[in-house]
Amino acid sequence: MIVGETHGLAAPRITRSTLALYAGASGDHNPVHIDTDACRAVGIPDVFAHGMLSMAYLGRLLTDWVPQERIRAYDVRFTAITPVNDTPVCTGTVTRIQGDCAHLDLKVALPDGTVTLTGSAVIALG
Amino acid sequence: MALDPKFIGRTYPPTAPYEVGREKIREFADAIGDANPVYRDPEAARELGHPDVVAPVTFPIVISLGAAEQVVFDPELGLDYSRVVHADQRFTYTRPVRAGDRLVAVVTVENIKTMAGNDIITTRADIATVDGEHVVTARSTLAARGTGDEAGES
């Protein structure tokens, strides 16, 4: 890994089925992600994606890039919701090498430019 | 009403062991659209030096989310879960979770604060095998919108 190295991953379109499957697999059954009626009842126009689903796509970018056992830390902050049927794009960039670890800046954005997640990862250089 | 800061530092009893199964890992990998064979095929996992299939990096949320329910639904704390959004998530890994692991989570309230009328609570789940081998620590920060004492100003 070298400073400035960047990888990207285009996630598939997040459909209602994606959200239903993720709710079941993760155990996060919050109705704001799966139940449009429940959303409308509290003034939310439609379901939106679990933040952890974006973190999972970004995690795939990491494990497609480096051996998983070298990932020491993986942190994210959720900055905006991802509406259903949107298509997040993940990017990761090496910002510095310190000792035997690489530090990465991470981001997920929607095609309209909205940044939905920012984060960082620490990768042991083996 | 704002959450009581006296909960900071409170540790909840260890959860019952969570047994990580191959099929649960496969289900999770399918749900996140990750076709990597290391999540499905024990042979492929062994070729990469793992004793069995491993779980994707965010899989520990399955365990930490369940464990944090002790805090989220603690009637004494009184968090309004219907107003909660996930603000941030952090994982610190010793090694990947893998099939066959029997994992116990110990949840601690790391921080509570009120910001712009929102209650912000950070929980930490230390996840280890039943034999005491640390696997991963998961920190989750939840924000409950408009429940803090400063609510109503906006």
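The values are calculated or read from the model by the stated rules, or taken from the named source; none is laboratory data. As the structure is a prediction and not an experimental result, all values here were calculated from the model. Glycine also receives a Cβ, built like all others from the backbone with ideal geometry; neighbour counts cover every protein chain displayed. For accessibility, only protein heavy atoms count, side chains too; no ligands or nucleic acids. Shrake-Rupley method; radii C 1.70, N 1.55, O 1.52, S 1.80 Å.
Worth pointing out:
- Number of positions in region A:85-113 that are touching a residue at least 12 places away in the same chain (Cβ under 8 Å) and either in contact with a helix residue (DSSP H, G or I) (Cβ under 6 Å, 6 or more places away or on another chain) or open to solvent by 50 Å² or more (accessible area, probe 1.4 Å) (or both): 14
- Residue in region A:34-51 that is at the interface with another protein chain (Cβ under 8 Å from one of its Cβ atoms) and farther than 22 Å from B:T137 by Cα present: yes
Results for (1) assigned to a loop (DSSP other than H, G, I, E, B); (2) β-branched (V, I, T), shown as yes or no for each residue.
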{"position": "A:V32", "(1), (2)": "no, yes"}
{"position": "A:R40", "(1), (2)": "no, no"}
{"position": "A:P45", "(1), (2)": "yes, no"}
{"position": "A:G59", "(1), (2)": "no, no"}
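- The set of residues in region A:21-30 being within 9 Å of chain B (Cβ to nearest Cβ), more than 16 Å from the chain's Cα centre (by Cα) and part of a loop (DSSP other than H, G, I, E, B) consists of A:G27, A:N30.
- Test: residue in region A:74-84 that is over 20 Å from B:L65 (Cα atoms) and basic (K, R): no
- The numbered conditions (1) surrounded by 23 or more Cβ atoms within 10 Å (Cβ to Cβ); (2) of a type outside the set (D, E, K, R); (3) assigned to a helix (DSSP H, G or I) are all true for A:T18 except (1).
For (1) open to solvent by less than 50 Å² (accessible area, probe 1.4 Å); (2) of a type outside the set (K, R); (3) under 16 Å from the mean Cα position of the chain (by Cα); (4) at pLDDT 95 or above, each residue gets a yes or a no:
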position: B:Q89; (1), (2), (3), (4): yes, yes, yes, yes
position: B:T92; (1), (2), (3), (4): no, yes, yes, yes
position: B:R102; (1), (2), (3), (4): no, no, yes, yes
position: B:V107; (1), (2), (3), (4): yes, yes, yes, yes
position: B:K113; (1), (2), (3), (4): no, no, no, no
position: B:A116; (1), (2), (3), (4): no, yes, no, no
position: B:A125; (1), (2), (3), (4): yes, yes, yes, yes
position: B:A128; (1), (2), (3), (4): yes, yes, yes, yes
position: B:D131; (1), (2), (3), (4): no, yes, no, yes
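Yes/no per residue for (1) farther than 20 Å from A:T79 by Cβ; (2) touching a Phe, Trp or Tyr at 6+ places or on another chain (Cβ under 6 Å); (3) without any contact (Cβ under 8 Å) to a residue 24 or more places away in the chain; (4) not in a strand (DSSP E or B):
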| residue | (1), (2), (3), (4) |
| --- | --- |
| A:L9 | no, no, no, no |
| A:P12 | yes, no, no, yes |
| A:D37 | yes, no, yes, yes |
| A:S54 | no, no, no, yes |
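- Scope region B:87-99; condition facing another protein chain (nearest Cβ under 8 Å) and either out of contact with any strand residue (DSSP E or B) (no Cβ under 8 Å at 6 or more places or on another chain) or of a type in the set (A, V, I, L, M) (or both); matching residues: B:A87
- A single member of A:L104, A:L117 is in contact with a Phe, Trp or Tyr (Cβ under 6 Å, 6 or more places away or on another chain) and in a strand (DSSP E or B), and it is A:L117.
- Count of region A:52-103 residues which are away from every other protein chain (no Cβ under 13 Å), in contact with a His (Cβ under 6 Å, 6 or more places away or on another chain) and within 17 Å of B:I32 (Cβ to Cβ): 0
- If you go through region B:51-76 and keep only what is over 28 Å from A:V115 (Cα atoms) and open to solvent by less than 10 Å² (accessible area, probe 1.4 Å), you end up with B:V53, B:V54, B:A67, B:V71.
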